[in-house]
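To start, the structure itself, in structure tokens.
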Amino acid sequence: MTAPTPTDARIVRTTCPYCAVQCTFDLHIERGLPVKAAPTKECPVAHGTVCKKGLAALNDLRHPERLQEPLLCKNGQLVPVGWPEALAYVREALTPLLATRPDAVGVYGSGSLTNEKTYLLGKFARVALKTANIDYNGRYCMASASAALNRTVGYDRGLGFPLADMGSSDLILLVGANIAETLPPIMQYLKAAKDRGGIIYAIDPRATTTARVAGQHLAPRVGTDGVLALGLLHLMKLWGKIRPTAPAHGMTGVLAQVDDYPPARVAHECGIPEADLILLARRYADAVKPLILTGRGAEQHAHGTDTVQAWLNLSYLTGHFGKPGGGYGTLTGQGNGQGGREHGQKNDQLPGARSLNDPRHRAEMAAFWGVAAADLPLPGHSAQNLLNACGQHGPGGIEALIVLGSNPVVSAAGAGQITENLKALKHLIVIDFLPSETAQIATLVLPGSMWCEEEGTTTNLEGRVQRRRKAITAPGAAREDWRILCDLAAAVGRPQGFTYATFRELQDEFFRSTRGGKADYSGLSAERLDRATAQWPIRSAEGPDTPHAYAPTHPTADGLATLHVPVFPLPAPPRQLMLTTGRLGNQYQSGTQTRRNAALKAENTAQIHPDTARDHGLRPGDHVILRTPHGTATLPVTISPAIRPDTVFLPFHWPETANLLTDPYTLDPHSNMPAFKGTAVTLLPAHSTVRVPIRTGLGGEVAAT
């Protein structure tokens, strides 16, 4: 083969591998490798901005630890093997299970997968493996907001409006959302609102970077965001501000409930001054276009669906839901967190956001795939229950798990127990491009593709679909993920429906599969997306897209919304320390890429208030033992007045720290979201002599959600 020359230089436009803004940039390719990522002003969302993670993404592509050949566990060690041996292992491991107990095989996906891989993974699980047990790590991200939106308005598009609408909002409430560090390009829209005189609140137990920029900060106790919403609705009712967006079921019960939440009670339970609550309520009552945006700080609780429901109720009953520049939205986090929850890798879902429980939807997809509807499995375990079942024998137990693009050893609630469960599996097959902590305990690792080594589409947080273009070829023997899934189907003797000659064949099938679903992409093609991005639903090739998705009527049986009465637990005892977890500005998810990236420095510390430090005899950099009923971790402390005295914050990007302490068994009854936030924690000085340099104060140190 002739070596590439400098004349091979070219530019490929594609999307960032990180957050749900999905910025576009131009990759400058020389000698077969990207040498520069240049933000594009033509990006319809970021308009030429990009964050540190996006700018540093090229460092990951040829990292020394990049997986380039299959690894098979032999004598307790992962050793390189060829693809024939790797696929022979798959055949010998899975075929007997699939013949007798297909539900003993699980599949675990990711919100970072392209739409096409999301579609193919669900099809692979249900048609090739015939297992009920598939779910994905987005269950830990968007599930509670998704559940609340679906049961209220029958629809789940995180933002039912273009981000540009935010610039016309006169009041924005960021509830548990630290977008300055987690979704930085969106800050331009907050600035546009502020420049017009809009008021922005950061509602968070920590005074984050976002709070500093917003200018208004309200710090309720961890887990009380929903109670705050009830208090605001109480005052809207008292002041005659109830003007529903449209007639809706359930209004009477919702409005009756808030009579029990006067300002004094709400201020006490939330731990905020009553005057601050009333000021916020006055501003909401006077606003023409108030916008409520929730993040993981509000949602990652065992009552996260009810928290979102309370904010939805407030928006709907005051007439703002679905209004351009106002209403409610949820801020999707993962790169394809929106598309990843629409097309079949959720345990209860079929492509196009169809329901696996709906006989009509099952019949539609069975006909599309050429199988009998009766052969499509019913919903199996959701993500946390799937991981809890791993290594367990008997009915419901999982003996083999296929993981694509996820790292549950770090990201799962109760990570210590989950790690032991994964080690107890007979077969753990991991498809990834770097040796994550989960890959390191696998029985087989298959080297997959990175973001610019494959074609596909992603859907950003406003439902905007855009192309991800292939710029380079995966190194060594690594293969594109979609081809690996087809290889696995062939290995278990079920290649029918998985013999795509080209990626385009798969992509076109995916677009067609969504026709008639709520998340309808059937009007899309690569050619249309080359001309312009589009917000779903897009129902025909010639028809328009849908920038505003939530205006009545709603896609429910009678076109009406259904409001629900939220239920919240009793508040924690006074002075009880509560653990909350979240992201750092320079890190991302389980850190598989960002912890290896020299351009993305970050420190893994426990953030506590000076009063808490004094009560426990701690100084900056001291090591502290954190204990919950679920585990123990030891970390140095950062001491900052930017956090409530009753709150401890940990980042979740490192193994054997934050998620050792979280609860793997208490799940939201509507979304099956674990309680990542709101765990009672105790602190014990570790009396370590090791000191690390720690910055105190705001200074961009840590992120909330």
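The values are calculated or read from the model by the stated rules, or taken from the named source; none is laboratory data. None of the values given here were measured: they were computed from a predicted structure. Cβ atoms come from the backbone with ideal geometry, glycine included; neighbour counts cover every protein chain shown. Just so you know, the surface numbers come from the protein's heavy atoms only, side chains and all, with ligands and any DNA or RNA stripped out. Shrake-Rupley method; radii C 1.70, N 1.55, O 1.52, S 1.80 Å.
General remarks:
- 1.4 Å probe accessible area per residue over the chain, in Å²: 34
- Ratio Rg/Rh [Cα only; Rh per Kirkwood] for the range 459-596: 1.09
- In plain terms, if you count all Cα to Cα distances in the range 368-424 and split them into 10 Å steps from zero, the share in each step is 21, 46, 22, 11, 0 percent.
- For His670, the accessible surface of its heavy atoms amounts to roughly 90 Å² (probe 1.4 Å, protein chains only, rounded to the nearest 10).
- Within the chain, antiparallel bridges make up roughly 50 percent of the DSSP beta bridges whose residues both belong there.
- If only the Cβ of Lys and Arg carry +1 and only the Cβ of Asp and Glu carry -1, the dipole of the range 589-644 around its Cα centre is close to 200 debye.
- Accessible area (Å², 1.4 Å probe, nearest 10) - Ser540: 50
- Among the GluC sites (Glu not before Pro) in the range 454-553, those placed in a DSSP loop whose Cβ has at most 16 other Cβ atoms within 10 Å are Glu542.
- Between the Cα long axis of helix 503-513 and the first principal axis of the chain there is an angle of about 50°, rounded to the nearest 10.
- Apportionment of accessible area to carbon and sulfur, the chain, percent (1.4 Å): 54
- Euclidean distance between Cα centres, the range 441-509 to the range 57-82, Å: 18
- In the chain, the longest principal axis of the Cα atoms and the axis of helix 359-369 are about 30 degrees apart.
- Between helix 83-100 and the chain: long-axis angle, C-alpha atoms, 0 to 90°, nearest 10: 70
- Probe 1.4 Å, all protein chains present, accessible-area order of Thr533, Thr499, Thr634, largest first: Thr499, Thr634, Thr533
- Only protein heavy atoms count here; under a 1.4 Å probe, Tyr284 has an accessible surface of about 0 Å².
- Estimated [θ] at 222 nm from DSSP helical runs (n ≥ 4, -39500 (n - 2.57)) normalised by residues in the chain, nearest 500: -7500 deg cm²/dmol
- Placing Tyr665, Tyr550 in order of accessible area, with the largest value first and a 1.4 Å probe, yields Tyr665, Tyr550.
- Inter-centroid distance (Cα atoms) of the range 318-385 relative to the range 669-684, Å: 25
- Cα centroid of the range 210-230 to Cα centroid of the range 543-581, whole Å: 17
- Note on semi-axes √(5λ) of the Cα gyration tensor in Å: of the candidates (i) 38, 30, 26; (ii) 42, 28, 27; (iii) 78, 30, 23, the value calculated from this structure sits at (i).
- Loop-located chymotrypsin sites (Phe, Trp or Tyr not before Pro) in the range 163-262 whose Cβ has at most 16 other Cβ within 10 Å (DSSP): Trp239
- Applying both filters, DSSP loop and at most 16 other Cβ atoms within 10 Å, to the GluC sites (Glu not before Pro) of the range 54-92 gives Glu65.
- Positive-end extreme of charge dipole, the range 239-357 - chosen from Gly333, Gly240, Gly271 (charges on Cβ): Gly333
- Residue order for Arg360, Arg596 - accessible surface, 1.4 angstrom probe, largest first: Arg360, Arg596
- Residues of type lysines that Lys53 reaches as a straight line, Cα spacing below 29 Å, ignoring anything fewer than 8 places off in the same chain: Lys36, Lys41, Lys117, Lys191, Lys194, Lys346, Lys470, Lys601, Lys677
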